[in-house]
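Since the structure comes first, as structure tokens, the remarks are kept for the end.
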Amino acid sequence: MSAVSEPATFNKTEFLRLMMLSREGDRREGILLRQSKGWFQVSGMGHEAIGALSYLLREDDWLVPYYRDRAMMLGRGMSNKDLALAYFAKRESSSGGRQMPGHYSSRELNVFSVCTPTGGGLIPAAGAAWSMKLKGKDSVAVATVGDAASRQGEFFEAFAFAVQEKLPLVIVIEDNKYGISTPTDKFMVLNYGGVISEDHVVKLDGRRVDDVLEAGKAAVEKARSGQGPTILWCDIDRLSSHTSSDDHRVYRPQDEIDEMADRDPIKLLRDELIENGELTMEQFESMQQEIADEVYADYTSAETAQDPKAEEVEDHCWAETVPAEAPPISTGPSTMVEAMNTTFKKALESNPDIIFFGEDIEDPKGGVFGLTKGLSDSFPNNVFNAPLAEATIMGAAVGMAGYGMKPVFELQFMDFIAPAWNQITTNFSSLRWRTFGEWTTGCVIYAPYGAYLPGGSLWHSQSNEACLAHVPGIKIAIPSTPEDAAGLFWTAMHGDDPHFILIPKHIFRKRVEVNSIEPVPFGKAKVVREGDDVTIVTWGNTLELAHEAAEKLAGECSIEVIDLRSIVPCDYESIAASLEKTGRLVVIQEDTRTAGFGQTVVSEITAMQEWFELLFAAPQLISRGDVHIGYNPIYEYAALPDTDEVIAAVRKTME
């Protein structure tokens with residue numbers, strides 16, 4: 001989109017029509033719902049004047065809306081027919097029928113896909129704004145949120161990051177005084193004063209178009225000129241129930257509802273135009289009828305549009321697979337840490353859009369494990385320390401990837417993933433699927449992981465890859481050699497999917513000989529030891545146990561060892577090919593037993609009749625128990641799988 005296009009010209013009479021169009025769309029959806037045509041509705045009644053902000057934005061600016069911004073979407077360029085298609089969840093809609101109504105999205109218009117968890121778009125908006133700044137653009141990101149969501153931690157993280165970096169971000173709080181049925185006066189953080197500096201906050205009457213335009217123009221100009229973010233605190237009314245699943249008459253006094261009607265933004269603008277001689281009541285009523293006819297026609301047409309296809313339910317979970325290339329490392333003695341560091345440097349040399357972001361990753365430290373040593377000194381415009389805020393790391397990656405950058409972000413330990421979980425499940429994993437492939441999150445998140453390294457205790461020893469594997473749309477790899485670490489990173493950094501790469505701490509400094517450099521795709525396992533009697537499948541740190549057991553049992557049986565390398569996607573075909581020789585399966589995992597990925601491997605092999613028939617014995621799973629890792633090494637090694645357990649399992653399959 002053009003970076004020099006100017007905002008649309010604002011005309012009050014035309015904007016009144018747009019507000020009325022938004023209102024009539026809400027009214028039509030309510031009627032259709034009562035006719036059992038549709039499943040759900042969320043209304044923007046009372047929020048329409050906020051839509052004037054769209055007239056302040058250029059094509060290259062971003063809007064990260066929430067579900068009451070119907071008028072703003074019309075102002076941005078969406079058609080009423082687009083919204084009708086979304087209401088009926090049609091295949092032609094922006095989500096292909098995968099999102100609820102009010103979850104707007106348009107890559108063409110730079111409208112970032114709305115997620116239901118309130119406030120979930122704020123950090124991605126900050127990530128997009130950071131991308132604008134890093135690229136030297138004078139673009140602006142505008143993110144809207146309801147007043148109840150101002151208590152979300154991600155609201156504070158997004159704003160703090162924007163202030164820290166002077167990002168071109170405008171956060172619009174649409175304060176309608178209710179979070180579903182709960183009055184928010186005692187929860188709304190700006191009511192307290194002093195929690196957020198008043199230097200960054202502008203309060204306005206969000207029912208009046210002139211106030212919205214005046215405050216919005218100043219905020220956008222401030223952001224565009226590099227002076228940082230603004231919070232626009234808009235005082236408005238929610239004229240409707242929360243959604244079609246709610247009835248606000250149950251919890252709102254009737255006199256309050258009646259009073260709100262007198263502050264209706266459409267009524268206020270209509271009366272102003274009539275008073276100024278720019279509109280007559282007859283013209284208003286005529287316009288109202290025209291709009292009603294238009295909306296009726298749009299929804300009638302949308303109702304008969306093509307529905308989604310059941311056979312497409314899994315489409316757009318992944319991007320098109322990019323052929324893997326050999327990573328840019330050399331043969332010879334190496335460690336995973338060295339191979340990763342070399343790969344990172346080569347990637348930064350080849351692509352100026354790659355950005356590294358993580359806690360303590362700048363020099364002189366270069367990360368707590370030295371994974372990024374030397375990067376910030378050589379690439380100061382691409383490598384940055386992150387605050388101690390994992391949601392910021394993850395959410396910024398989503399926004400930057402959507403903008404077109406290539407984030408390669410570090411979580412200091414896999415154990416610290418919990419604060420980032422909202423972004424992982426809300427945006428990181430689902431963005432491509434829920435927009436029918438229109439938005440993507442091509443990025444890499446990596447984290448040191450695992451135990452067998454005494455002293456880590458509960459918070460530095462977790463192997464919880466199964467948590468990630470449970471979430472659709474994420475590719476997950478766990479390398480165990482320098483060449484595989486380099487290859488998986490090289491593939492991920494050239495792909496267009498969200499990737500997690502987990503680095504086993506126990507072996508990532510182990511110096512081994514790198515004999516050959518081959519492309520390493522996701523979803524392709526590697527036979528690291530050939531055998532004829534038993535197949536051991538494992539990944540990460542527990543490769544050591546597999547090799548040790550194979551050596552100790554060499555006089556009893558011949559063991560084939562398979563390193564999965566990536567668990568999502570998983571190479572079940574290679575496991576089955578091995579079982580055609582051996583007929584016996586042992587799976588080793590470091591994660592906890594219940595719902596661990598090892599159970600998934602066993603389940604998949606035994607669920608397929610043709611694979612099940614290859615087995616001579618019941619598969620065995622060796623795993624950490626459902627227990628935490630203790631600080632004292634006695635606790636740690638008591639919890640973790642060991643070689644003796646593997647040997648016992650192998651012998652059991654040979655009975």
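Determine, yes or no, whether ALA292 is assigned by TED's automatic domain parsing to the domain that holds GLY102 and either within 18 Å of ILE31 (Cβ to Cβ) or not in a helix (DSSP H, G or I) (or both). When the stated conditions are applied, ALA292 passes them. Only one of the listed residues (VAL568, VAL587, VAL561) is in the same structural domain as VAL627 (by TED's automatic domain parsing) and farther than 16 Å from ALA649 by Cβ. That residue is VAL568. Taking the range 437-474 as the search range and keeping residues that are assigned to a loop (DSSP other than H, G, I, E, B) and aliphatic (A, V, I, L, M), which one is farthest from HIS506 (Cα to Cα)? Of everything passing the filter in the range 437-474, VAL471 is farthest from HIS506 (Cα to Cα). In the range 295-313, the residue that is farthest from GLY495 (Cα to Cα) out of those that are touching a residue at least 60 places away in the same chain (Cβ under 8 Å) and outside any helix (DSSP H, G or I) is ALA305. Could you say whether any residue in the range 182-201 is polar (S, T, N, Q) and within 26 Å of the chain's Cα centre (by Cα)? Within the range 182-201, none of the residues are polar (S, T, N, Q) and within 26 Å of the chain's Cα centre (by Cα). Restricting attention to the range 132-158, the residues being more than 18 Å from GLY404 (Cβ to Cβ), surrounded by fewer than 24 Cβ atoms within 10 Å (Cβ to Cβ) and hydrophobic (A, V, I, L, M, F, W, C) number 4. Of LEU239, LEU232, LEU213, all but one fail to be assigned to a strand (DSSP E or B) and of a type in the set (A, V, I, L, M, F, W, C); the exception is LEU232.
For the range 596-622, the set of residues classified as touching a helix residue (DSSP H, G or I) at 6+ places or on another chain (Cβ under 6 Å), within 25 Å of ALA469 (Cα to Cα) and not aromatic (Phe, Trp, Tyr) consists of GLY596, GLU604, ILE605, THR606, PRO619, GLN620, LEU621, ILE622, listed by residue number.
Filtered by the rule that a residue be in a strand (DSSP E or B) and either crowded, with 16+ Cβ neighbours inside 10 Å or among the aromatic types (Phe, Trp, Tyr) (or both), the range 314-334 gives a lone residue, SER334. In the range 532-545, the qualifying residues are those that are closer than 19 Å to VAL602 by Cβ and touching a Lys or Arg at 6+ places or on another chain (Cβ under 8 Å), and the one that is surrounded by the fewest Cβ atoms within 10 Å (Cβ to Cβ) is ASP533. Evaluating ASP185 against the criteria (1) under 27 Å from PHE357 (Cβ atoms); (2) without any contact (Cβ under 8 Å) to a residue 12 or more places away in the chain leaves one unmet condition, (1).
Only residues that are of a type in the set (D, E, K, R), in a helix (DSSP H, G or I) and either outside the structural domain of TYR449 (by TED's automatic domain parsing) or closer than 24 Å to SER430 by Cβ (or both) were counted in the range 482-529, giving 0.
Before we move on, is GLY136 free of Cβ contacts under 8 Å to residues at least 24 places away in the same chain and either of a type in the set (Gly, Ala, Ser) or assigned to a strand (DSSP E or B) (or both)? The answer is yes for GLY136. Look at the range 375-402: where a residue is in contact (Cβ under 8 Å) with a residue 40 or more places away in the chain and a partner is among the acidic types (Asp, Glu), sitting 6+ places away or on another chain with Cβ atoms under 6 Å, you get ALA389/GLU157; ALA391/GLU154; ALA391/GLU157; THR392/GLU157. The conditions of being out of contact with any Lys or Arg (no Cβ under 9 Å at 6 or more places or on another chain) and of a type in the set (Asp, Glu) are not met by ASP591. I need the full set of residues from the range 546-582 which are under 22 Å from GLY523 (Cα atoms), of a type in the set (Lys, Arg) and surrounded by fewer than 22 Cβ atoms within 10 Å (Cβ to Cβ), in order please. Residue satisfying the conditions is LYS581 alone. Does GLY437 meet the test of being surrounded by fewer than 24 Cβ atoms within 10 Å (Cβ to Cβ) and either over 20 Å from GLY358 (Cβ atoms) or modelled with pLDDT of 95 or more (or both)? So GLY437 passes the test. Scan the range 615-627 and give yes if some residue there is farther than 14 Å from GLN589 by Cα, without any contact (Cβ under 8 Å) to a residue 60 or more places away in the chain and buried (at least 16 other Cβ atoms within 10 Å of the Cβ), otherwise no. The answer is yes, given that some residue of the range 615-627 is farther than 14 Å from GLN589 by Cα, without any contact (Cβ under 8 Å) to a residue 60 or more places away in the chain and buried (at least 16 other Cβ atoms within 10 Å of the Cβ). Of the residues making up the range 403-421, those that are free of Cβ contacts under 8 Å to residues at least 40 places away in the same chain and part of a loop (DSSP other than H, G, I, E, B) number 0. Residue count for the range 601-646 under the criterion of being among the acidic types (Asp, Glu) and touching a His at 6+ places or on another chain (Cβ under 9 Å): the result is 0. Of all the numbered requirements in (1) in contact with a Lys or Arg (Cβ under 6 Å, 6 or more places away or on another chain); (2) crowded, with 16+ Cβ neighbours inside 10 Å, GLY596 misses one, and that requirement is (1).
Within the range 516-533, identify whether any single residue is of a type outside the set (Phe, Trp, Tyr) and modelled with pLDDT under 95, and answer yes or no. Looking for residues that are of a type outside the set (Phe, Trp, Tyr) and modelled with pLDDT under 95, one finds at least one in the range 516-533, hence yes. Scanning the range 74-125 for residues that are within 13 Å of the chain's Cα centre (by Cα) and hydrophobic (A, V, I, L, M, F, W, C) gives PHE112, VAL114, CYS115, LEU122, ILE123, ALA125.
Kindly evaluate VAL322 against the criterion of being among the aliphatic types (A, V, I, L, M) and either assigned by TED's automatic domain parsing to the domain that holds PRO479 or under 30 Å from TYR87 (Cβ atoms) (or both). No. Residues in the range 76-131 that are of a type in the set (Val, Ile, Thr) and in a loop (DSSP other than H, G, I, E, B) were compared, and the one that is surrounded by the fewest Cβ atoms within 10 Å (Cβ to Cβ) is THR116.
The values are calculated or read from the model by the stated rules, or taken from the named source; none is laboratory data. Just so it is clear, the structure is predicted and the values come from calculations on it, not from any experiment. Note that we place each Cβ from the backbone using ideal geometry, even for glycine, and neighbour counts take in every protein chain shown.
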